[in-house]
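Let me begin by presenting the structure, written as structure tokens, before commenting on it.
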Amino acid sequence: MKINKKLTIFAMIGSALVANAAQIKVETGDVSLIMDGEPGSALNLLYFGEKLANTSEFAYAWHITQPDTQDEYGRELYPAYGGRFFLNPALKLTHADGVMTTQLVYRSHEQKVIDDNLTETVVHLQDKLYDARVDLHFVAYKDEDVITQSVVFSHGEKGDVTVENIASSYITLKAADYYLTHFHGTWAREMQLTEERLTPGVKVVESKKGVRTAQSDNSAFLVSLDGPTREYSGEVYAGALAWTGNYKMQFEVDEAGLLHISGGINPFASAISLAAGEEFVTPEMVLTYSNEGRSEITHNLHDWARRYNLAHGDEVRPVVLNSWEGAYFDFDEKVITDMIDDAAAFGVEMFVLDDGWFGNEFPRNGDNAGLGDWQVNKKKLPHGIGYLADYAVSKGMKFGIWIEPEMVNPDSKLARRHPEWIVQSGKRDLLPMRNQHLLDLSNPEVQDFVFETFDNVLKMSPNISYVKWDANRHADNVGSTYLAADEQSRFWYDYIRGLYSVYERIRAKYPDVLIQLCSSGGGRVDFGALKYHDEFWASDNTNALDRLCIQYSENIFFPAMATAAHVSTSPNHQTGMMLPLKFRFDVAMMGRLGMELQPKQLVGDEREFAFNAVKLYKELRPVIQLGDLYRIDSPYDGDGYCSDVYVSKDRSEAVVFAFSTTYHNRTQSYDIKLHGLDPAKNYLLREVNTTGGSWYPGNGKVYSGEFLMKAGLSLPIGGAFTSMVLHLTEQ
Ligand code: GLA
């Protein structure tokens, strides 16, 4: 990290007279988050930014706020509604006696070194008058420069306390300008990057959809200070809420020009009453900071996710062939065993049987029947799943299967047996979405059913080693027959907690199974769910051109190894677009490569190309999946070019991807400067994944890392949908 001369945060606005206060430092290798806690006074955030060697000067810093007024110009780390706090608070309660204000003061804190890399800090706050307690939990990850924050609320009041709003974190920054990057989208167009300058007032990014909450926007964000985000310079803060349900991220620029970033569960229709002694635990906010631009943010989060979040984050992922776009619902045993044969011939390592394999009385021959009845369809697959799994294994592959256990079609035995399990709003009509209803996971019986669904499916064969878990609708007309009338607003929270408890049980019993997180594509891409999964289906849009933008944004936060990217057929089923097979492979190889087509359709040269591409990917994947991603050129900048490079941790190897997405003048070449290499090393450059050899003059030449990063390469691509992959190996 470079030394940044400008002190961004609160040196000028620390807290008043903190001489007796405890200074609490949450620190990673390069980042400091510093608070001061004076017993009986508000807990203030003094600083969040590049690591400070000496923090004693904060004791003399001036504070414009009077203690005890809960002033909006204050610096509270976790402001509650009350006093003169007129901004959107982190916490809003109604106490047992009906009082709506809260004043949190610092009581104590403790710090625990968990291991060489992790330190946990718990700061205890309490209302000045009431026995209402807030514990702030921070975990600092030294090597990854990640700090997570979550909050636990409890009380000892005489009667219930209603929690109306409880953020996971609240960060205040001070700069001349703030630029927010967030990621809006929709089905088949997830994670479209939008950057905007924040103006006075509140910018909200949220979801109230309950399920599939990451499809229309994502809780992950970047805030750049004093100018738009740059890749390799500038101060950038990033956050991502580890929560699969409703969220609300607020970016409030106040009248003094400070930015307050508050994020957590969406308080919309979610008030929760707690009896004395009951605890409410928020999800974690995952935070990181860089003064070397967005690139460092990505490295921090990828390293953190691979080490602490993803299942099996240190193991390379297999190449997959998924049956969906190749067969949809229309298959029998022969179709599947043929696909397995073909997949094996391509060197694919995992065959995944997608939707359509279950339901007898209500066969799943379309999306209008069968969900809920997780028994193999005997007509389509007379020898059962075990036979197919064994067949895949006999061909040297592993076998995976699709489920959507949170859902039920009205046309199913389950819907008849348990209508009360469906999420419903009193007597209102149910609104099917994709012909299906949502099961009420706030109900423990439903949790058991969902767990048993997974368990029973896995019991069909010891050779099932991968599960694709889908969720294809939102929660609308929300309500629960399980929750009491005065507890209905618990639904959103209890649903996700119910889901997590099922995930926990599954992971306890099946630690080795690979699980894909899917929700109509990338509708559930968040660190809360990813914790239990190996990867996510990035989008139902498999069109390589669109995938460039989708994967680019997802990979700012979430690792390439977890980004399922499948080569599909041409014309593309979602967009009708025709793209060369090489272009499609090159894009998919930037993530976890797979194929999603009828492999029989690949014939002649295309068949040979696909075979070679799969083989090549296996050679390159340790760098792509376990290395560092450096972005060279964005697909969003409108110049019709984009490029990324993946570099191995020891800098001995790199893989460059470069794309031309439109027609450029024939005299144009694509000039790129690489990043992340060792300037002192020499690298042999080979163009790979070619259709019949390379005519690039640099092919087979040796370049220094310095040359590649300073002078760069001039690539002969400029035709629409042309691309190059370069493999650099240290000499
Ligand atoms: C969702 C998924 C697809 C596929 C279908 C099956 O749309 O995102 O990949 O599994 O469901 O119905």
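Hey, what do the phi angles of the stretch 142-147 turn into as Karplus ³J(HN,Hα) couplings, whole Hz, using 6.51/-1.76/1.60 and θ = phi - 60°, x for Gly and Pro?
In residue order, the calculated couplings are 4, 5, 8, 6, 10, 10 Hz.
Order these peptides, 386-395, 485-494, by their mean beta-carbon neighbour count within 10 angstrom, highest first.
Highest to lowest by the protection proxy: 386-395, 485-494.
Just need log10 I(q)/I(0) for the stretch 355-395 at q = 0.18, 0.26, 0.28 Å⁻¹, Debye formula, equal scatterers on the alpha-carbon atoms, no solvent, rounded to two decimals.
Listed by q, the Debye log ratios stand at -0.49, -0.80, -0.87.
Taking every alpha carbon pair in the chain, what does the distance histogram look like in 20 angstrom bins from 0, in percent?
Per 20 Å bin, starting at 0, the Cα pair percentages come out as 17, 48, 30, 5.
Going by amide H atoms built from the backbone, whose H comes under 5 Å of the H on Asp226, apart from near neighbours?
Close amide H contacts, sequence-distant or interchain: Ala176, Asp177, Tyr178, Tyr179.
Rounded to the nearest whole Å², what accessible area per residue is found for the stretch 22-308 with the 1.4 Å probe? Show your work: numbers first, answer last.
Values: 9770 Å² over 287 residues.
Heavy-atom accessible area per residue stands at 34 Å².
Over the Cα atoms of the stretch 311-358, each weighted equally, I'd like the Debye log10 I(q)/I(0) at q = 0.18, 0.30 Å⁻¹, rounded to two decimals.
Ignoring solvent entirely, the Cα scatterers give -0.58, -1.12.
Spin-label point model (7 Å from Cα, Cβ direction): what's the Lys701 to Asp390 distance in nm?
The two pseudo-label positions are separated by 5.8 nm.
Expressed in nm to one decimal, what extension gain is obtained for the pair Gln731 and Lys618 from 0.36 nm per residue of sequence separation less their Cα-Cα distance? Could you put the intermediate results ahead of the total?
Numbers: separation 113, 0.36 × 113 = 40.68 nm, distance 2.11 nm.
Gain on extension, Gln731 to Lys618, equals 38.6 nm.
How long, wide and thick is the stretch 191-298, going by the Cα atoms along their three principal axes, in whole angstroms, largest first?
Principal axes ranked by extent give 48, 32, 26 Å for the Cα atoms.
Could you tell me which of the pairs Lys208/Lys248; Lys174/Lys208; Lys334/Lys395 are separated by over 18 angstrom between their Cα atoms in the structure shown?
Check vs 18 Å cut-off fails for Lys174/Lys208.
Which order do the peptides 95-101, 358-364 take when ranked by the mean count of other beta-carbon atoms within 10 Å per residue, highest first? Could you put the intermediate results ahead of the total?
Details: 95-101: 14.7, 358-364: 19.9.
The packing order, highest mean first, is 358-364, 95-101.
Consider all pairwise Cα distances in the stretch 22-308 and report the whole-number % of them above 26 Å. Provide the component values of the computation, followed by the final result.
Numbers: 17021 of 41041 pairs.
Of all Cα-Cα distances in the stretch 22-308, 41 percent exceed 26 Å.
What are the ³J(HN,Hα) values, in whole Hz, obtained from phi via the Karplus relation 6.51 cos²θ - 1.76 cosθ + 1.60 with θ = phi - 60°, for each residue of the stretch 30-40 in sequence order, with x given for Gly and Pro?
10, 10, 10, 10, 10, 10, 10, x, 9, x, x
Take the alpha carbon atoms of the stretch 95-121, find their center, do the same for the stretch 508-544, and report the distance between the two centers in whole angstrom.
The stretch 95-121 and the stretch 508-544 have Cα centres spaced 33 Å from each other.
Strictly greater than 20 Å: what percent of every Cα pair in the stretch 457-557 meets that?
51
How long is the stretch 631-730 along each principal axis, judged by its Cα atoms, biggest number first, in Å?
36, 30, 20
Rounded to whole Hz and in sequence order, give me ³J(HN,Hα) for the stretch 593-599 from the Karplus expression 6.51 cos²θ - 1.76 cosθ + 1.60, θ = phi - 60°, writing x for Gly and Pro.
5, x, 10, 9, 6, 7, x
Per residue, what accessible area does the stretch 609-719 have, given a 1.4 Å probe and all protein chains present, in Å²?
Values: 4760 Å² over 111 residues.
For the stretch 609-719, the solvent-accessible area averages 43 Å² per residue.
May I have the extent of the alpha carbons of the stretch 250-337 along their three principal axes, as whole Å values ordered from largest to smallest?
67, 45, 29 Å, listed from the longest principal axis down.
Post the alpha-carbon centroid distance, the stretch 382-408 to the stretch 313-380, in whole angstrom.
Between the Cα centres of the stretch 382-408 and the stretch 313-380 lies a distance of 7 Å.
Mind ranking Ser207, Ser704 by accessible surface for me, highest first, 1.4 Å probe?
Putting Ser207, Ser704 in descending order of accessible area: Ser704, Ser207.
To the nearest 0.05, how large is the calculated FRET efficiency for Ser273 and Ala680 if R₀ is 45 Å and r is the Cβ-Cβ distance?
0.10
Please go through the stretch 590-660 and write out the trypsin sites (Lys or Arg not before Pro) that DSSP classes as loop and that have at most 15 other C-beta atoms within 10 Å.
Within the stretch 590-660, the qualifying trypsin sites (Lys or Arg not before Pro) (loop, at most 15 other Cβ atoms within 10 Å) are Lys649.
Looking at the chain, send over the antiparallel percent of its DSSP beta bridges, to the nearest 5.
80
Using a simple spin-label model with points 7 Å from Cα along the Cα→Cβ vector, what separation in nm is obtained for Ala485 and Lys600?
Label-label distance for Ala485 and Lys600, simple model: 6.0 nm.
Give the long-range amide H neighbours of Glu292: residues separated by 5 or more places, or on another chain, with amide H under 5 Å away, using H modelled in the peptide plane at 1.01 Å from N.
Here the answer is Val236, since their amide H atoms fall under 5 Å of that of Glu292.
The values are calculated or read from the model by the stated rules, or taken from the named source; none is laboratory data. Keep in mind it's a predicted model, so treat the numbers as computed, not measured. In this analysis, Cβ positions are derived from the backbone assuming ideal geometry, glycine residues included, and neighbour counts consider all displayed protein chains. Surface areas here come from the heavy atoms of the whole protein model, side chains and all, with no ligands, DNA or RNA. Shrake-Rupley method; radii C 1.70, N 1.55, O 1.52, S 1.80 Å.
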